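Taking it in order: structure first as structure tokens, then the write-up.
The values are calculated or read from the model by the stated rules, or taken from the named source; none is laboratory data. All values reported here derive from a predicted model rather than from experimental measurement. Note that each Cβ is placed from the backbone with ideal geometry, even for glycine, and that neighbours are counted across all protein chains shown. All accessible areas refer to the heavy atoms of the entire protein, side chains included, with ligands and DNA or RNA removed. Shrake-Rupley method; radii C 1.70, N 1.55, O 1.52, S 1.80 Å.
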Amino acid sequence: MQESYQPQAVEAAAQAFWSSQHAFAVKEDPSREKFYCLSMLPYPSGALHMGHVRNYTIGDVISRFQRMQGKNVLQPMGWDAFGLPAENAAIKHKTAPAKWTYANIEHMREQLQSLGYAIDWSREFATCRPDYYQHEQRMFVRLFNKGLVYRKHSQVNWDPIDQTVLANEQVIEGRGWRSGALVEKREIPQWFLKITDYAQELLDGLDQLNDWPESVKTMQRNWIGRSEGLEIAFAVEDSSETVRVFTTRPDTLMGVSYMAVAAEHPLAQRAAANNAEVAAFVAECQRGGVSALELETQDKKGVATGLYALHPISGERVPIWVANFVLMGYGTGAVMAVPGHDQRDFEFAHNYELPIKQVIEPLEIVAARRALDEGVPFAADVDRLGDQTPRDTVPEANRHVVEQSIKNFELRCSKEAITEYGLCVNSGALDGLDYRAAFDKVAELLGDNGERRVNFRLRDWGVSRQRYWGCPIPMILCPVCGDVPVPESQLPVVLPEDVAFMGTGSPIKADPQWRKTTCPKCGGAAERETDTFDTFMESSWYYARYTSPGAADIIDERANYWLPVDQYIGGIEHAILHLLYFRFFHKLLRDTGFVHSDEPVKRLLCQGMVVADTFYRQGDDGSREWFNPADIDISRDERGRAIGAILRADGQPVAIGGSEKMAKSKNNGVDPQSMVGKYGADTVRLFSMFAAPPEQSLEWNEAGVEGMSRFLRRLWAPATISVGVTHSIPPSPRSWN
Ligand code: ANZ
Ligand code: ZN
């Protein structure tokens, strides 16, 4: 072996040896404790980035540690290969999405192998191959037959010029990314998985996940969004109809000053039929994108329908409005508006000069008023009201301060909704009751007009995409039999890969031959579904497929040896959707008899971002040109901070933009391949583990990388001499067990 450290030679020899020996291929062995270490699978975008390197190095270190503990360690790898970027690349490079994807996989596999990860490559798969996605189709068919799949109309972004559905990320400031046309909303039929049937279980299961980051569990809880409330029926004046609303605050019932319904609500639709102003507003709501962010940030707007509801307790007339902040998909699509205590209702009431009534008073104000009115010593009230009242906010028996706090509160009421809990005021029979007592009292007073309900914010999972590069949804639409799943014996429904892709519309939608089929039920002429699955479908069950390579069914008995995953590692950006969908899928696999466990992953680690300095020059128009750190010479102060930067190409200064997540948009990515070429994989891996704790941001710094390289060089000499290494290849990792 070389006297001096030559990482390229050492690593190439070791990697060739591992590969020829299948050193990291594992088999089920009930006599040994298993450890399944899984890193989130990469999207084959073209090249590895530092985020991948960090993710997979953390996984590899954990795997190695567990292997050295004597465990039977599975560390697999695959490719999350369907998705929109392949379509975009296809347009740009005039190549088929499949071709582009497969070429990227070849390249990125080589890159991963050059990093020397201890991966069992015999289990590798690409999710865009029929041998993978046929099982996803099989699962979907079974779920359909179990009643866990249904089809309903749902909104999409529609580009009227390109005549195509756009993904949310293709809508830029309300316009189609290619055509620039104003995007419209359209209702089209789409397939849904009934994840809401599992909402309570998905919520409860979080309590068992002791080794998941608290932040991820909180995000999941909020996303599932369980709320308890009442569904209240308001009679519509001069009609036999009722408007039903869902409220989590029945204690505010006496503060209702108007009702608001969604534009899609039947009442709004009916009002639109004989009121041009309502019709115009409903039509306006139809325009604009469908993303949640857009709906949340828009100005609160509405129009009165001219109809009135009758308050179920006071009998008062309450005007019914159509409002853009009410969502048809939540609760009943209608709200009882309480502008005194709900911020959206407040803003809306403010815009349209609707009455605002205070019916809840926070505890400290109740106490303050009593102290003044009844001359009761202030501290005594605080005690009686319990420890929710901060003792030291108002000094005891200081009349002036107490009066001031009430004035401040009244001022606050004129500026915003008072959303905290308290006691009911101005509410007749409810006066003096707290939230819980008022809730029960309202339920009792309303009788049949009030029904206790639990609502979840979680919606059913819409899995239809109108894109080409995805797994075909295995359904047949028969004019006689309706929706018929493709029989399992006829799977897979194969996506043609050799297609001309223009970017507008999907090649399988444009191809009448592909669509044409016969109905498996009646044998008549029928059409295939041409939508494809959301790519979250593939990543929802890949962890299970790794355990059962080659299985004829979705997975087989081997899954119960390896599952649940002992350690999962990936980015925090997947905290909500991916991690929720894959917990859901595990429960589906359990309920279809494939696995025995309830949760897919015991321990979760979300690695921090890799960040790097950014450098730019500002143009006259304010736009910025970003330069890659590799092209910049930096001068630093004695503490290592950058104080000046020069673009090597022209010797002129550039501005330092601070440290940010490595990204194309800021051109501050450092190419792992060039680092491996320059220093060797071990240096790159060592740096990415040493420079920061795994959960925190890792600041890329080439001086630090050089330091790691020097350390390995120094280590090399004594290490090779002391063990008296004479052979030119390192020992097999098996012998380290
Ligand atoms: C009256 C009220 C008074 C409300 C108050 C809140 C505060 P969560 O907790 O998220 O379940 N709401 C109900 N359905 C809605 C819809 N389709 N679109 C928009 N808003 C809707 O929220 C439940 C509350 O959100 C409900 O309670 C309702 O407003 C509103 F001081 O009713 B509330
Ligand atoms: Zn039929």
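Working value for the range 326-375: equivalent-ellipsoid semi-axes of 31, 13, 7 Å, each the square root of 5 times a Cα gyration tensor eigenvalue, largest first.
Working value for the range 239-288: equivalent-ellipsoid semi-axes of 25, 14, 10 Å, each the square root of 5 times a Cα gyration tensor eigenvalue, largest first.
The alpha carbons of the chain occupy a box of 94, 79, 66 Å along the principal axes, longest dimension given first.
The calculated FRET efficiency for ALA443 paired with HIS400, based on their beta-carbon distance and R0 = 56 Å, is about 0.85. If you look at the Cα atoms of the range 78-174, you get an Rg and a Dmax of 18.0, 50 Å. When the alpha carbon coordinates of the range 1-121 are projected onto the principal axes, the ranges are 50, 42, 25 Å, largest first. Within the shell defined by Cβ-Cβ distances under 14 Å, the residues around ASP131 carry a net charge of -1, with Lys and Arg each +1 and Asp and Glu each -1. Across the protein chains, with a 1.4 Å probe defining accessible surface, the residues ARG178, ARG221 rank ARG178, ARG221 from largest area downward.
Both numbers refer to the Cα atoms of the range 500-605; Rg and Dmax are 18.3, 52 Å. With N counted as the residues of the range 563-692, its alpha-carbon radius of gyration over 2.2 N^0.38 Å works out to 1.53. Dipole size of the range 188-320 about its Cα centre, with +1 on Lys/Arg Cβ and -1 on Asp/Glu Cβ: approximately 260 debye, rounded to the nearest 20. Just need the Rg to Rh number for the range 81-122, please, alpha carbons only, Kirkwood Rh. That ratio is 1.11, to two decimals.
Among the listed pairs LYS185/LYS415; LYS94/LYS516; LYS509/LYS664; LYS94/LYS664, those whose Cα-Cα separation exceeds 26 Å are LYS185/LYS415; LYS94/LYS516; LYS509/LYS664.
Sites listed here are GluC sites (Glu not before Pro) in the range 398-432 whose DSSP assignment is loop and whose Cβ has at most 14 other Cβ atoms within 10 Å: GLU416, GLU420. Separation of the range 624-656 from the range 442-466 is 57 Å, based on Cα centroids.
Taking GluC sites (Glu not before Pro) across the range 482-571, the ones in a DSSP loop with at most 14 further Cβ atoms lying within 10 angstrom of their Cβ are GLU557.
Against the empirical curve 2.2 N^0.38 Å, the C-alpha radius of gyration of the range 457-517 lands at a ratio of 1.30. Overall, the accessible surface of the chain at a probe of 1.4 angstrom is composed of carbon and sulfur to the extent of 51 percent. Its DSSP H runs of at least 4 residues, each contributing -39,500 (n - 2.57), put the calculated 222 nm mean residue ellipticity of the chain at -10500 deg cm²/dmol, to the nearest 500.
Work out the P(r) tail for the range 612-689: percent of alpha carbon pairs separated by more than 16 Å, whole number. Taking all Cα-Cα pairs of the range 612-689, the fraction more than 16 Å apart is 58 percent. Note on SER489/ARG287: beta-carbon distance plugged into 1/(1 + (r/R0)^6) with R0 of 45 Å gives a FRET efficiency of 0.50. Rounded to the nearest Hz, the phi-derived 3J(HN,Hα) couplings of the range 544-560 under the Karplus curve 6.51 cos²θ - 1.76 cosθ + 1.60 (θ = phi - 60°) are 7, 5, 4, 6, 9, x, x, 4, 6, 9, 4, 9, 10, 4, 4, 4, 6, where x marks glycine and proline. Which net charge results when you count Lys and Arg as +1 and Asp and Glu as -1 among the other residues whose beta-carbon is under 9 Å from that of LEU647? That sum, taken over residues with Cβ under 9 Å, equals -1. Scattering from the range 628-668 was approximated by placing one identical point on each alpha carbon and applying the Debye formula without solvent; log10 I(q)/I(0) at 0.14, 0.16, 0.32 1/Å stands at -0.32, -0.42, -1.16. Cβ-Cβ distance of ASP631 and HIS107, R₀ of 25 Å, FRET efficiency by 1/(1 + (r/R0)^6): the value works out to about 0.60.
With 25 Å as the limit, write out which pairs from LYS217/LYS587; LYS92/LYS666; LYS152/LYS521 have Cα-Cα distances beyond it, or answer none. Correct reply: none exceed it. Given their separation in residues at 0.36 nm each and the Cα-Cα distance between them, GLU702 and ARG459 gain 82.9 nm when the chain is fully extended. For the range 112-216, what percent of Cα pairs sit more than 15 Å apart? Of all Cα-Cα distances in the range 112-216, 79 percent exceed 15 Å. Over the range 75-136, accessible surface divided per residue gives 34 Å², non-protein components excluded, 1.4 Å probe.
Computed over neighbours whose Cβ is under 9 Å from that of TYR616, the net charge equals +2, Lys and Arg +1, Asp and Glu -1.
Each principal axis of the range 1-42 carries a Cα extent, and these read 43, 28, 17 Å when sorted largest first.
Taking every Cα-Cα distance in the range 244-367 and sorting them into 10 Å bins from zero, the calculated P(r) comes out as 13, 44, 32, 9, 2, 0 percent.
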